Amino acid sequence: MFKWKMKGEYLKNCNCLASCPCDTQGFPAPHANCEGMAAMRITEGNFGGIPLDGLHWAGAVWWPGAMHEGKGKVQFYIDEKADKAQRDALEAIMSGKNGGTLFEIINAICPTRYPTEYVPFTWEFNKDARRARMAAGNFIRTSSRPLTVPATGDEQRVIVRLPGGFEYKEMEVAMSETLEISGPMNFSHKNSHSSLAWVEHTETGLAA
């Protein structure tokens, strides 16, 4: 198994209500199924000596029920700026066969995996402001904004800490203004959940 690291900005937007009960009680709400996306801008990374700094990746996911019940689908997207070695490295990580708890779990609960697409990315991310905007080719388009207090309209800040988490250890809760997925999976949501986090994934699991 190669040693690897991906450190950087992490965005997860899904169809759940804000705070994503999949992260807490383990079952989606208000819908019976789970669907969404996760994406990352790697600020510092490598795979067996192959540099990954500055690259992006994303994944669109769908499950008929709770994630842990399996039967899911996934499609990964890799930054078209990546060269052949970098594409192979990211594919190796995403396969779940080179460690990394997040990717091991995704591959275990998503028996259907569509071919990876190599696409241009747009990326705006401000964790403290709870604002983000990203696109992966024509397959994913999503944006996030802060939660607000209904009575006043003031911005609301909610932080969720998961010391034993495998995806992130802490995330800022935001609102996914739009979430548009096309391709083998097609779905659209507005005003659903958004997570913004700084993460460090390695072959031995989530380091930060």
inquiry  = Per residue, how much accessible surface does the range 1-115 expose to a 1.4 Å probe? Answer in Å², no decimals.
reply    = 41
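Using the eigenvalues of the Cα gyration tensor, what equivalent ellipsoid semi-axes result for the range 60-171 when each is taken as the square root of five times the eigenvalue, whole Å, largest first?
Those come to 28, 20, 14 Å.
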task = Determine ³J(HN,Hα), in whole Hz, for all residues of the range 191-208 in sequence, where each value follows from phi through the Karplus function 6.51 cos²θ - 1.76 cosθ + 1.60 and θ = phi - 60°; x replaces Gly and Pro.
result = 6, 10, 7, 9, 10, 10, 8, 9, 9, 9, 9, 9, 5, 9, x, 7, 8, 6
query = Semi-axes of the equivalent ellipsoid of the range 1-115: what are they in whole Å, largest first, if each equals the square root of 5 times a C-alpha gyration tensor eigenvalue?
reply = 27, 14, 12
task = Would you kindly derive the ³J(HN,Hα) couplings of the range 98-103 from the backbone phi angles with the Karplus curve 6.51 cos²θ - 1.76 cosθ + 1.60 (θ = phi - 60°), listing them in order in whole Hz, with x for Gly and Pro?
result = 10, x, x, 3, 4, 6
task = Work out Dmax and Rg for the range 5-64 from the C-alpha atoms and quote the Rg first, both in angstrom.
result = 14.5, 44
query = When each pair of different Cα atoms in the chain is counted once in the 1/r mean, what is the Kirkwood radius in angstroms, to one decimal?
reply = 17.0
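May I ask you to list the trypsin sites (Lys or Arg not before Pro) in the range 31-96 that are in a DSSP loop and have at most 13 other Cβ atoms within 10 Å of their Cβ?
Sparse-neighbourhood loop trypsin sites (Lys or Arg not before Pro): LYS71, LYS81.
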remark   = For LYS97, counting only aspartates and glutamates whose alpha-carbon sits under 20 Å away and dropping same-chain residues fewer than eight positions off, the answer is ASP88, GLU117, GLU167, GLU200, GLU203
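The values are calculated or read from the model by the stated rules, or taken from the named source; none is laboratory data. Note that the coordinates shown come from a computational prediction; the quantities given were computed from them, not determined experimentally. All Cβ positions, glycine included, derive from the backbone under ideal geometry; neighbour counts span all protein chains shown. These area figures cover heavy atoms from the full protein model, side chains too; ligands, DNA and RNA do not enter into them. Shrake-Rupley method; radii C 1.70, N 1.55, O 1.52, S 1.80 Å.
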